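Enquirer: So that we are looking at the same thing, I have put the structure below in C-alpha cells.
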Amino acid sequence: YNDLSYKEIETNELRLSIKRDDIELFQKLFSNLKLSTNSKIKESLIENFLYFPKDMTLLEYAIEYDAIKIVKFLMSKNNIITDGEIYCAISSNDHEMVKTIESKNKEIFSKLSLSNSISNWNNEVTRYTLNVII
C-alpha cells in the first residue's frame, strides 16, 4: 500500500489513508468530510476481502487493514464497540488489535470472544478467553 504507484489503484483517499495507517491524512479527511465514528465505507471494487460486499464502519475497515493508529483514534471518539468490530479484531489474528478492542469494553468482549475465536480458528484468543476471561 505504501508504493507510490498504489495511488493509481486506490483512488479514494479515505480508504488509502486507512490502508496505509496514515493518521495525519485520516484525521484531516475525517474533519474535512465531517465524518462521524458511525460513518460507513465501501470496499474498492478492485480490491476486497469480504465474500459478500457490504458497507462497513470506519472502525471495522481500519481493523481489517490493521491500521492500529486509526483504530485508536476512532475508539477515542466512540464509546461503543459492536459485535462486528470484535469479530473483525479476532479474525485479524493481531494480538495488539485484539487487546485494543478488548480494552474498550471488556464485558461485551468477554461475551463474544469465545464464539468468535472458535469460528475464526484463532486458537490464541480461544486459549486466552478460556484461561483469563471465563
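The values are calculated or read from the model by the stated rules, or taken from the named source; none is laboratory data. If you're wondering where the values come from, they're calculated on a predicted model, not measured in any experiment. We place every Cβ from the backbone using ideal geometry, glycine too, and count neighbours over all the protein chains shown. Accessible surface is based on the protein model in full, side chains and every heavy atom, while ligands, DNA and RNA are left aside. Shrake-Rupley method; radii C 1.70, N 1.55, O 1.52, S 1.80 Å.
Enquirer: Within region 86-105, whose backbone N sits under 12 Å from a point 7 Å along Cα→Cβ of residue 132?
Expert: Counting only backbone N, you get 95-103.
Enquirer: For the chain, what does -39500 (n - 2.57) per DSSP helix run (n ≥ 4), summed and divided by total residues, give at 222 nm, in deg cm²/dmol to the nearest 500? It would help to have the intermediate numbers written out before the result.
Expert: Working: 9 runs with 77 residues, N = 134.
Estimated from H runs of four or more residues: -16000 deg cm²/dmol.
Enquirer: Still on this model: Convert each backbone phi in region 88-103 into a coupling constant with the Karplus relation 6.51 cos²θ - 1.76 cosθ + 1.60 (shift: θ = phi - 60°), then list the ³J(HN,Hα) values in order as whole Hz, x for Gly and Pro.
Expert: For region 88-103, the Karplus-derived couplings read 4, 5, 5, 6, 5, 6, 10, 4, 4, 5, 4, 5, 5, 5, 4, 5 Hz, x marking Gly and Pro.
Enquirer: How do 15, 20 stack up against each other in accessible area, from largest to smallest, with a 1.4 angstrom probe?
Expert: Numbers: 15 35, 20 60 Å².
Ranked list, largest accessible area first: 20, 15.
Enquirer: Here is a further query. Pop out the carbon and sulfur fraction of the accessible area of the chain as a percent, whole number, probe 1.4 Å. Intermediate values should be presented prior to the final figure.
Expert: Values: 4170 of 7980 Å².
About 52 percent, which is the carbon plus sulfur part of the accessible surface.
Enquirer: Tell me, what is the per residue accessible area of region 61-134 in Å², probe radius 1.4 Å? If you can, show how the numbers build up before the last one.
Expert: Working: 3940 Å² over 74 residues.
So region 61-134 comes to 53 Å² accessible per residue, rounded to a whole number.
Enquirer: Would you mind working out the magnitude of the charge dipole of the chain relative to its Cα centre, with +1 at each Lys and Arg C-beta and -1 at each Asp and Glu C-beta, to the nearest 20 Debye? The partial results should precede the final answer.
Expert: Numbers: 17 positive and 20 negative charges, 93 e Å.
Around 440 debye, computed over the chain.
Enquirer: If you take the square roots of the eigenvalues of the alpha-carbon gyration tensor of region 12-88 and sort them as a ≥ b ≥ c, do you get rounded (a/c under 1.5), prolate (a/b over b/c) or oblate?
Expert: On the way: a/c = 1.55, a/b = 1.13, b/c = 1.38.
Verdict is oblate for region 12-88.
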